[in-house]
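Data first, discussion second: the structure below is written as structure tokens.
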Amino acid sequence: MSMHRRPQRPATESRGTPISGLLRARTAGTPARAAFVEGSSVRSVSWEGVARHAQDLASKLPVGDGGRRVGLALDGATQFCSTYLAGLACGLCVAPLDPRATLEEIRRQVVELGLTDLLLDAPTAGLAGPMLGSGVDVWCVDGQGKPGRSASLANLHRAQAPRVSHRHHLDPAVILRTSGSTGRPKLIPLTQAQLLHGAGQVVAHHRLTHNDRGYCPLPLFHINAQVVGILSTLVCGGSLVVDRRLARDRFWETADGSGATWLNLVPAILSAVSERPISEQPISEQLSARIRFARSASSPLAEPVRRRFEETTGIAVLETYGMTEAAGQITANPLDPRERRPGSVGLPAGVDLRVVAEIGLEVVPPGQVGTVQVSGPSVISAYLGPDGADETIPALTPDRWLPTGDLAWRDTDGFVFLMGRTDDLINRGGEKLYPSEIEAVLLSDPRVAAASAVGRPHPSLGAEPVAFVVLRQGDGSGALALIRDLHRACSASLSYYKRPVEITITEQLPVGATGKVQRSLVRDLVAGATPR
């Protein structure tokens, strides 16, 4: 893997940014209006409160004081939203971190990201003492959500070593990490222009206005919540209800009581909250009429899950597809439900997309599976080098396309149908099969809450498909009867080489922060699984 080094740019004084301009427009219009509301409490922050927070950050973390990379380990939802926007408005480079991470994980990320400052809040303030000697300034964000007060920044610990300048030629506004499940995590730099292009495309496609209020119970350190949630709210001037963790038992109560007009969700949440019909939930009858759509992203949405959600809630699902390297959204189905294609993640939205053959990289015809590549204003050109160095790792092909690692095909109208990741493909004696096909059959059984199919090593075939399923809560169906029924369903719906040779019931599947099943970890279950 090659790296390129560019000369550093000289440090400049704090300057106006595109995001600071948008924030000024919001404070000039409706300064006291709630911008972000925490669904689990009565806390909220206004646009004026965000602007005051930006002024406080600029005075205590001046951009002219060397290139600063600021880690955000904030547990409070409104505190994160306010600090994230405030940091971008005053020209800082921010790196959102998982507040649930262990001390050792935080220490490792401080080095990997080249952080100069670490911002904590009350729930994560316990990290301050152990971070002594880590070479970063540690601060506490306090006061957010209290009537009449904006967030303020208090210094908890100043680093003894001189700060290292991180003026990078890519001028990143946000740095995010990949999961690192296949090796060392990649560092993804996104500029303000890329972030705002991504957010602008969400606003334009979803037709969001200042009258809209989204509900986003997703991890805030992920790109989806940042661009589709926080930044699209800034662009359209609406408001956003945020919950850092999903509370399934009060999901509909929060969505109803908050006045949400659209939902920003992932397949795992769509499945979880549709277990009971909406008529059995303590919500108003007007909810399904007020909510324009439930947006689905993060991972492919199985057709049985989409159908079950729409039938039990009366709310249409808007399937989309995106990735961090493209600042969020890549494709989306049409806003008009009559024009959507079930099973498809829609059409390109703000980026160019092509599906190419694995060998030769020729664009494949409609109906043929290939690998997805994207290009456009929101797509990165390179990853950052390790440990905050001013190096880059090229991300694009010679003709300037970004390989996504996803498999898909397109129909004659250009709609994209995802088939999984390239490394998820199961090669059974030369026959290629996609786990998503098996999982769709398993999820069509109402007793199954989650499913994952993977390849198991085979001495002569190379690999054979096996599957794991999780039962729905409260389902008392007999395990043996269910396994028998699932095998019958696979025999009726799948070619012989696609049928799982074993189906195992497990209490849970390994999932990431957004509820996406981590297929690489599912493979680890193969060795220890007890077939039923």
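Structural remarks
- Number of the condition not met by L494 [criteria: (1) within 21 Å of G429 (Cα to Cα); (2) surrounded by fewer than 21 Cβ atoms within 10 Å (Cβ to Cβ); (3) without any contact (Cβ under 8 Å) to a residue 40 or more places away in the chain]: (3)
- Helices (runs of 4 or more DSSP H) contained in segment 18-119 and holding at least 1 residues farther than 28 Å from G133 by Cβ: 18-29, 47-60, 77-89
- Residue satisfying all of: in segment 177-186; buried (at least 18 other Cβ atoms within 10 Å of the Cβ) and out of contact with any Leu (no Cβ under 7 Å at 6 or more places or on another chain); modelled with the highest pLDDT among these: K186
- Selection count, segment 441-450, where residues are part of a strand (DSSP E or B) and free of Cβ contacts under 8 Å to residues at least 40 places away in the same chain: 1
- Scanning segment 302-314 for residues that are assigned to a loop (DSSP other than H, G, I, E, B) and buried (at least 22 other Cβ atoms within 10 Å of the Cβ) turns up just one, A302.
- The residues on offer are T412, T422, and the sole one that is among the polar types (S, T, N, Q) and either in contact with a helix residue (DSSP H, G or I) (Cβ under 7 Å, 6 or more places away or on another chain) or at pLDDT below 90 (or both) is T422.
- In segment 146-176, the residues that are part of a loop (DSSP other than H, G, I, E, B), modelled with pLDDT under 85 and of a type in the set (A, V, I, L, M): A151, A159, A161, V164, L170
- Strands (runs of 3 or more DSSP E) within segment 377-435 that include 1 or more residues under 13 Å from P189 (Cβ atoms): 382-384, 391-394
- Filter pass, T324 being farther than 30 Å from L113 by Cβ and in contact with a helix residue (DSSP H, G or I) (Cβ under 9 Å, 6 or more places away or on another chain): no
- With respect to (1) within 30 Å of A101 (Cα to Cα); (2) outside any helix (DSSP H, G or I); (3) touching a Pro at 6+ places or on another chain (Cβ under 9 Å); (4) modelled with pLDDT under 90, the lone exception for D475 is condition (1).
- Residues in segment 104-128 that are under 21 Å from P172 (Cα atoms) and either touching a residue at least 12 places away in the same chain (Cβ under 8 Å) or polar (S, T, N, Q) (or both): I106, Q109, V110, V111, E112, L113, G114, L115, T116, D117, L118, L119.
- If you go through segment 200-218 and keep only what is surrounded by 23 or more Cβ atoms within 10 Å (Cβ to Cβ) and either closer than 30 Å to R108 by Cβ or among the basic types (K, R) (or both), you end up with C216, P217, L218.
- Look at (1) open to solvent by 10 Å² or more (accessible area, probe 1.4 Å); (2) among the aliphatic types (A, V, I, L, M); (3) not in a helix (DSSP H, G or I) and you find that L263 fails only one, number (1).
- Criterion applied to S284, S299 was being more than 21 Å from the chain's Cα centre (by Cα) and either of a type in the set (F, W, Y) or surrounded by fewer than 24 Cβ atoms within 10 Å (Cβ to Cβ) (or both), and the one residue passing it is S284.
- The set of residues in segment 209-236 being closer than 17 Å to R33 by Cα, out of contact with any strand residue (DSSP E or B) (no Cβ under 7 Å at 6 or more places or on another chain) and not in a helix (DSSP H, G or I) consists of T209, H210, N211.
The values are calculated or read from the model by the stated rules, or taken from the named source; none is laboratory data. Bear in mind the structure is a predicted one, so any value in this text is a computation, not a measurement. Cβ atoms come from the backbone with ideal geometry, glycine included; neighbour counts cover every protein chain shown. These accessible areas exclude ligands, DNA and RNA; they are computed on the full protein's heavy atoms, side chains included. Shrake-Rupley method; radii C 1.70, N 1.55, O 1.52, S 1.80 Å.
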